Amino acid sequence: MLDRKSLHTQAIVDDFVAPVCDESVDILYQDQDILLINKPSGLLSLSGKNPLNWDSVHYRLVHGQDGISPAFPQALLPHRLDLG
């Protein structure tokens, strides 16, 4: 049984901050069901746990970026080809 007085919790802190990426996401192919993009090197695929890592492919697709209009609010990232 757990003694509640001796239970300690510790917040997980993500110290990593991704460098700023000024390059835009390029749309290579688009139809009603699929959006194929080229992600610039250095841009996160998904926003990080650290609030400073908000910029990502997913964020840009959902909220829009210059050159991507309209935004894709239901965009999902189903697979990363660089991860096995």
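Okay, here's what the table says:
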{"quantity": "Qualifying positions in the stretch 23-34 - under 21 Å from HIS79 (Cβ atoms) and either charged (D, E, K, R) or crowded, with 16+ Cβ neighbours inside 10 Å (or both)", "calculated": "VAL25, ASP26, ASP31, ASP33"}
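Here's the yes/no breakdown for (1) modelled with pLDDT of 90 or more; (2) hydroxyl-bearing (Ser, Thr, Tyr):
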residue	(1), (2)
VAL13	no, no
VAL20	yes, no
TYR29	yes, yes
LEU43	yes, no
ASP55	yes, no
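The values are calculated or read from the model by the stated rules, or taken from the named source; none is laboratory data. The structure presented is a predicted model; accordingly, all values stated were derived computationally and were not measured. Note that we place each Cβ from the backbone using ideal geometry, even for glycine, and neighbour counts take in every protein chain shown.
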